[in-house]
Structure formats: C-alpha cells, structure tokens
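Trainee: Below is one structure. I have some questions about it.
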Amino acid sequence: MIFETPLDTYNAGQRFIKKKQYKQAYRCLEKLLHEFPDDEGLLTEIIDLCLIYWENPKMALPWLQKLTSMRNSWVDYTSLCQVAAALEKITEAKKHLKTARRLQKKQSWKIHPHGNPGKIFAELEDFIKFREWKLTEKQNIKTGTDVMSTDSKVRLKKERKPNIHEKIKTPAKVVPADTANPPPFPKPEPIPVYTVPAKISPFNEEIFRPFIEGGKSTLKECRILMDYMQMTVQSGFDELLCLDAMSGIEKYWYQVETVKKVLKQFHGRVLLCDEVGLGKTIEAGMLIKEYIMRGMIKNVLILTPAPLVSQWKEEMLTKFHVEFLTTDDPEFQADSQDFWKNKLIIASINTAKSSKNKPSVIEQFYDLVVVDEAHHLRNRRTLSWKLVNQINSDFRNADRL
C-alpha cells in the first residue's frame with residue numbers, strides 16, 4: 001500500500017476499519033507509527049483496533065507495552081493485565097495488576113472508561129483466575145495421555161511378560177481428577193438494572209470556576225464534578241456542549257464536524273490546515289471551550305505571533321467567555337517568571353522562546369497547547385520549533401502548518 005501523505009494513510013486505515021478489513025487497517029496505522037513513533041493518539045488507535053475490532057490481543061501487546069512505558073498510567077496497566085492474561089501469561093498479568101493498583105493510588109484523578117477502580121480490579125482478578133484454571137486444565141489433559149513414567153514402564157515389563165496367546169487388553173484412559181471435577185469459576189457480580197429514566201444535561205460553567213482559579217471546594221463538590229466528568233467523557237463527543245455557550249458566532253457545519261473529528265479521532269492532537277478565512281481560530285476556540293466545559297483541561301497555553309496576542313484575547317473573551325492573561329498585560333511586566341504559572345495564557349511565541357522566558361515555559365505542564373501560524377515551525381533548527389517540541393502537554397493543536 002502506497003499513499004502520498006500520512007493523512008492519506010490514516011484515511012485509508014479508517015476506510016479499512018469500516019469495511020472490517022482489520023489487517024489492512026493495522027498496516028496503515030503501523031506505517032504511521034514508524035513515522036511518528038511517539039504519537040499517543042496513534043498508539044491508542046492501533047490498540048483499540050487490535051482489541052475491540054480485530055480481537056487480536058497478541059498484535060496489541062507490543063504497542064500497549066510501549067504506551068505504558070511512555071505515560072505510566074494505571075488505566076493502561078489494566079489493559080496490559082487483561083491482554084497478558086488472555087495470552088496465558090499469568091505471572092505477567094499478576095505483575096501488571098499489582099502495578100495498576102499501586103499507580104491508581106497516586107493517580108486517583110484518572111478515570112477508567114469502563115467503571116470504578118474497585119470493580120475493574122475485581123473483574124481482572126476473576127479473569128486471571130479463569131485463565132489460570134484453563135491453562136492448568138490444558139496441561140493436565142496434555143500430561144494425562146501418558147501418566148506413567150518411563151521407569152515404571154520398564155519395571156512393569158520385567159515383572160510380567162505377557163503370553164503371546166493371551167489377549168492384551170487396552171488400558172483405560174486415565175482422566176485426571178482436576179479435569180473430571182474442575183473447580184467452579186466464580187460467577188460475575190450481576191449488573192443492576194434501573195428502570196428510572198435519566199436525562200444528562202451539562203452543569204452551569206460556574207461549577208468549574210473553583211478548579212480553574214485554584215480555589216477550594218468541598219469533598220462533596222469534588223465527587224459531583226468527578227461523576228459529571230466521567231458521564232460526559234463516556235457519552236462521547238456526538239453532541240458538543242460548547243455550541244450553546246458561545247455568542248456572536250455563526251456556527252458553520254464544517255466547523256462543528258471538524259471539532260468533533262478532532263475530539264473523537266485525533267484525541268486533541270491535530271493540525272488545522274483550512275484555507276484562509278474558513279475559521280481556524282473559531283475551531284481552536286471551540287476545542288478549548290469544549291474541553292474546559294467537560295472538565296478535561298485546566299491549563300491552556302496559546303502561542304501566537306506578537307501582533308495577534310490582543311486579537312486572540314478578545315476573541316476568547318467575547319465569543320467563548322474565557323478570560324486569558326497575555327504577555328501584553330501588566331501582570332507579565334510586573335513578574336515575568338511567576339506569570340507562566342497562571343492557568344490560561346496567551347503568549348507571543350517570540351517572547352516565550354527567549355532565553356529569559358523559555359526555562360519557565362518548559363518547566364510548566366499544560367493540558368492544552370495551541371500554536372497559531374504553525375507553518376513557521378517547519379524548520380526544526382529554529383528556536384520556535386525547539387520551544388514547542390519541549391513543552392509538556394496532553395493535547396496539542398496547530399494552525400496553518
């Protein structure tokens with residue numbers, strides 16, 4: 001398979017998935033990962049392809065091992081545990097489950113897409129026991145075809161030599177006790193069924209303000225927010241919450257579809273390459289607003305050419321009602337070192353890459369980084385490219401590369 005660009009390869013892979021040609025889809029993603037070996041989004045997609053669509057845990061194992069080594073998340077270790085158990089690597093599965101338990105205590109803020117940690121760990125333990133029993137059963141059946149040792153056979157032959165006229169009886173097959181009466185496998189806990197209709201609607205944005213501004217909240221408020229975040233993430237991105245929270249914007253269908261695709265398929269890491277005037281800034285603002293409303297991000301850094309700093313601030317405030325601090329504000333002039341510790345920042349990329357500010361910028365962790373006029377980063381020898389490459393972030397969007 002030969003494709004002109006990585007995007008062509010990716011689109012071909014998506015078409016193969018729709019046609020259920022999973023082997024060809026795997027080759028497309030594998031080719032992309034050879035070009036972009038550290039792309040977490042692509043790693044997640046090839047793992048989902050192998051486990052969910054293809055049902056081939058053996059092919060998913062090396063990619064899952066690489067993903068866990070990159071971000072060391074307890075959620076990934078639960079998947080690695082399940083894959084190892086499915087491949088009858090019981091010792092490794094137990095080791096991964098132990099690691100997942102240990103990391104979960106430190107990463108309790110990370111939510112598993114399939115349930116609460118206690119339930120997930122219990123299900124994994126049952127699955128490991130089941131696979132361990134199946135493996136033991138296989139071994140017993142294999143050894144049961146010849147249960148007598150070589151020494152015993154020689155001794156029996158010396159003690160009794162059968163008469164040639166005597167009819168030799170075929171010995172009955174010995175069935176191991178464990179195979180005849182296998183231990184009962186524990187029944188899974190029944191899933192409760194509720195008949196009460198439920199309607200999920202987004203909370204008012206004020207609920208996120210204490211977290212964005214670094215204020216204090218009660219334990220009850222934190223639990224409510226965590227439950228809300230879990231429900232919104234699990235519900236997918238078929239309906240955007242940000243559409244009703246914007247003002248003064250004419251919403252075009254192609255912008256809405258672009259934002260949905262970035263959220264669902266690219267997991268927030270994308271290049272927006274539309275023609276001039278089609279609204280790439282609006283699309284980036286919609287992504288920021290959607291992530292904030294879902295409680296998925298708190299720290300946002302927008303890097304833009306110096307003349308556009310004030311324009312970005314005005315757009316985000318008037319159209320998306322999100323207030324950023326900028327490198328043009330008095331706060332930056334007063335203390336340029338502590339300025340980078342703020343949650344929502346719009347910065348001139350020339351200011352950020354300077355020798356004075358760069359150490360403070362790359363020292364911080366940002367949930368989302370947006371780079372405007374990203375075509376200036378094509379040369380990897382420039383200071384701008386080196387700055388963006390060193391920034392730590394979960395999501396990264398670029399405009400006009």
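The values are calculated or read from the model by the stated rules, or taken from the named source; none is laboratory data. These figures come from a predicted structure and were not determined experimentally. Every residue, glycine as well, gets a Cβ built from its backbone with ideal geometry; the counts of neighbours run over all protein chains shown. Just the protein is used for accessible areas: all its heavy atoms, side chains included, with ligands, DNA and RNA removed. Shrake-Rupley method; radii C 1.70, N 1.55, O 1.52, S 1.80 Å.
Trainee: Once you have the Cα-Cα distance between ARG102 and ASP39, take 0.36 nm times their residue separation minus that, and quote the gain in nm to one decimal.
Mentor: Once the chain is fully extended between ARG102 and ASP39, it gains 20.1 nm.
Trainee: Using every pair of alpha-carbon atoms in segment 16-130, split the distances into 10 Å bins beginning at 0 and state the percent of pairs per bin, rounded to integers.
Mentor: 14, 44, 32, 10, 0
Trainee: Separate question: Going through the cross-link list LYS313/LYS356; LYS23/LYS66; LYS110/LYS358; LYS105/LYS289; LYS19/LYS260, which pairs have a Cα-Cα distance over 25 Å in this structure?
Mentor: Result: LYS110/LYS358; LYS105/LYS289 exceed 25 Å.
Trainee: Another question, if that's okay. If I compute solvent accessible area with a 1.4 Å probe over the protein chains, what percent of it on segment 247-335 is carbon and sulfur?
Mentor: Summing carbon and sulfur atoms, their accessible area is 53 percent of the total for segment 247-335.
Trainee: Another one. For ASN350, what is the net charge nearby, where nearby means another residue's Cβ is under 12 Å from its Cβ and Lys, Arg count +1, Asp, Glu -1?
Mentor: +2
Trainee: Once phi is turned into ³J(HN,Hα) by the Karplus curve 6.51 cos²θ - 1.76 cosθ + 1.60 with θ = phi - 60°, what whole-Hz value does each residue of segment 255-264 show in order, with x for glycine and proline?
Mentor: Each residue of segment 255-264 in turn: 5, 4, 5, 4, 5, 4, 5, 4, 6, 8 Hz.
Trainee: While we're on this one: On the accessible surface of segment 41-150, probed at 1.4 Å, how many percent belong to carbon and sulfur atoms?
Mentor: Here it works out to 54 percent.
Trainee: Considering only protein heavy atoms, what is the solvent-accessible area of THR78 at a probe of 1.4 Å, reported in Å² to the nearest 10?
Mentor: Solvent-accessible area, nearest 10 Å²: 10 Å².
Trainee: On to the next question. Evaluate the relative contact order of segment 1-131 (contact order divided by residue number), counting alpha-carbon pairs under 8 angstrom at least 6 apart; express in whole percent.
Mentor: Contact order relative to length: 16 percent.
Trainee: Here's a follow-up. Pop the C-beta distance of GLN139 and ARG71 into the FRET formula with R0 = 41 Å and round what comes out to the nearest 0.05.
Mentor: For GLN139 and ARG71, the calculated efficiency is 0.65.
Trainee: How long are the semi-axes of the equivalent ellipsoid of segment 1-54, taking √(5λ) for every eigenvalue λ of the Cα gyration tensor, in whole Å from largest down?
Mentor: Equivalent-ellipsoid dimensions as semi-axes: 16, 14, 8 Å.
Trainee: A follow-up question, please. Express the accessible area of segment 282-398 per residue in Å², computed with a 1.4 Å probe while the remaining protein chains stay in the model.
Mentor: On a per-residue basis, segment 282-398 sits at 43 Å².
Trainee: Treat each spin label as a single point 7 Å out from the Cα along the C-beta direction, and report the GLN14 to GLU275 distance in nm.
Mentor: 2.1 nm
Trainee: Report the Cα-based extents of segment 279-390 along its three principal axes, largest first, to the nearest Å.
Mentor: Each principal axis gives a Cα extent; for segment 279-390 these are 34, 33, 26 Å.
Trainee: Could I have the simple spin-label model distance between LEU87 and SER360, label points 7 Å from Cα toward Cβ, reported in nm to one decimal?
Mentor: 4.8 nm
Trainee: Can you tell me the equivalent ellipsoid semi-axes for segment 333-399? Use √(5λ) from the Cα gyration tensor, largest first, whole Å.
Mentor: For segment 333-399, the ellipsoid semi-axes come out as 19, 14, 11 Å.
Trainee: For LYS110 and ARG27, calculate 0.36 nm times their separation in residues minus their Cα-Cα distance, and state this gained length in nm to one decimal.
Mentor: Length difference between fully extended and current span is 26.8 nm.
Trainee: Here's a follow-up. Once you list every other residue whose beta carbon is under 15 Å from the beta carbon of SER336, what net charge do they have if Lys and Arg are +1 and Asp and Glu are -1?
Mentor: For residues surrounding SER336, the net value is -2.
Trainee: Here's a follow-up. Mind running the shape call on segment 238-328? Use the C-alpha gyration tensor, a ≥ b ≥ c as the square roots of the eigenvalues: rounded below 1.5 for a/c, prolate if a/b tops b/c, oblate otherwise.
Mentor: Rounded, since a/c falls under 1.5.
Trainee: Quick one: if you stick a label point 7 Å off each Cα along the C-beta vector at LYS58 and LYS251, how many nm between them?
Mentor: Result: 4.8 nm between the two label points.
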